[in-house]
Amino acid sequence: MRILQLCPLWFPIKLDAPGGIETLLYQLVPALENLGCEVTLLASGDSEVSRLVPVVPTNLYEHMRNGAATEYACYEQHQLQLALDLAPEFDLVHYHLGVGAFCLSRMPGVCALHTIHTPVYPDLQWFASRHRELCYSTVSEFQARALRSQGATRCQAIHNGIDMSRFSLGERGGEGLVFLGRIERVKGPDLAVRTARSLGLPLVMGGPIVEEDFFASEIRPYLDDRIRYIGVADHAQKTELLRRADCALLPFRGAEPFGLVVVEAMACGTPVVSLANGALPEIVEVGSTGYLAKDETDLAPLVPAAMKLDRAAIRRSAEARFDVSSVAPRYLELYAELAGARG
């Protein structure tokens, strides 16, 4: 099958990308190619993939940081125009964009799949209730239930996957806690800081600063030799941090649609402590791969218990459930089903 993938333009599609969608696609595309798919990506020009149609020369995050771009929607509209031109050459167009791409499902003769990577907010539910014919996939049952409740009948949940061979088992070495993710309130890095301080444990944080004011008021005042922020970590840094950490403290406040970093931690054998929000109850096996707190105040007591979990067993569970080699066939099966239905 020939598949056209439309990717967000914020970050490049590569292993070291700070975005979860980008990291997923970098690993999913070769897994699909191993199954016989020919996959072309519409993405930023600095993406590291075999078949690429560059929409912009480099990712928009960098463009916006240096003032070269201000309005994301203009670049996405250019991407959608390119998709209109290219779509007839492919068996299926797979969108990883927001709601702006939904209208392309009505292109005559084009088979389209929209993967929802973000939380399913009420506005999206409202849309789904009025356009039940669209083909969706989600990265968790948590999202899928929200869409199906509004009448979306073509909605399949496929968990994200990672290439487990790129991660290795670490041993508990007294390195303390790690937080990896965007530095913004919804991701809860301030909760990680507060919990680490209450336990007297060191904490390393990595990820792009998305909310500067939040970082200045809630994170920077507490940075010292035990609470450290290291900036955006590449894959090697990230895996080393996870392997050496005693526990990954990932207290996402929002209705997390999946949480790829949770799986990456487990791939290193590192137990996870998080809030029981969004899809996390699907990902974390309580008492086996980590613990989930119902309330922010419950985080600290769970950390010592998580540190006692069997790291090798955590790694085995992640490998069995989330290796990309088992995720890719599910997408291929869905592609074939949708293309076959189109006739």
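The values are calculated or read from the model by the stated rules, or taken from the named source; none is laboratory data. Values in this document were obtained by computation on a predicted structure and should not be read as measured data. FYI the Cβ positions are ideal-geometry reconstructions off the backbone, even for glycines, and counts take in every protein chain you see. SASA here: full protein model, heavy atoms, side chains in, ligands and nucleic acids out. Shrake-Rupley method; radii C 1.70, N 1.55, O 1.52, S 1.80 Å.
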Going through the range 287-340 one residue at a time, which ones are closer than 29 Å to Ser137 by Cβ, of a type in the set (A, V, I, L, M), out of contact with any strand residue (DSSP E or B) (no Cβ under 7 Å at 6 or more places or on another chain) and in contact (Cβ under 8 Å) with a residue 24 or more places away in the chain? Ile314, Ala318, Val327, Ala328, Leu332, Ala336
Could you list, in sequence order, all residues of the range 131-152 that are open to solvent by 60 Å² or more (accessible area, probe 1.4 Å) and either β-branched (Val, Ile, Thr) or within 27 Å of Leu242 (Cα to Cα) (or both)? Glu141, Phe142
Which of the residues belonging to the range 153-183 are touching an Asp or Glu at 6+ places or on another chain (Cβ under 9 Å), in contact (Cβ under 8 Å) with a residue 24 or more places away in the chain and either aromatic (Phe, Trp, Tyr) or open to solvent by less than 20 Å² (accessible area, probe 1.4 Å) (or both)? Gly161, Ile162, Met164, Phe167, Gly170, Gly176, Leu177, Val178, Leu180, Ile183
Residues of the range 203-243 classified as touching a helix residue (DSSP H, G or I) at 6+ places or on another chain (Cβ under 7 Å) and in a loop (DSSP other than H, G, I, E, B), total: 2
Test each condition in (1) among the charged types (D, E, K, R); (2) surrounded by fewer than 13 Cβ atoms within 10 Å (Cβ to Cβ); (3) in contact with a Cys (Cβ under 6 Å, 6 or more places away or on another chain) for Glu212 and report the one that comes out false. (3)
Do we find that Gly174 is modelled with pLDDT under 95, touching a helix residue (DSSP H, G or I) at 6+ places or on another chain (Cβ under 8 Å) and at positive phi in this structure? no
Can Ser274 be described as closer than 19 Å to Asn160 by Cα and at pLDDT below 95? no
Wholly enclosed strands (runs of 3 or more DSSP E) of the range 244-343 bearing at least 3 residues buried (at least 17 other Cβ atoms within 10 Å of the Cβ) and within 18 Å of the chain's Cα centre (by Cα): 247-250, 272-275
Test: Ser198 is surrounded by fewer than 17 Cβ atoms within 10 Å (Cβ to Cβ), among the small types (Gly, Ala, Ser), more than 25 Å from Leu309 (Cα to Cα) and modelled with pLDDT of 95 or more: no
So which residues in the range 106-130 are crowded, with 17+ Cβ neighbours inside 10 Å and of a type in the set (A, V, I, L, M), if there are any at all? Val110, Ala112, Leu113, Ile116, Val120, Leu124, Ala128
Could you check how many residues of the range 56-105 are surrounded by fewer than 18 Cβ atoms within 10 Å (Cβ to Cβ), more than 20 Å from the chain's Cα centre (by Cα), among the hydrophobic types (A, V, I, L, M, F, W, C) and farther than 18 Å from Gly45 by Cα? 2
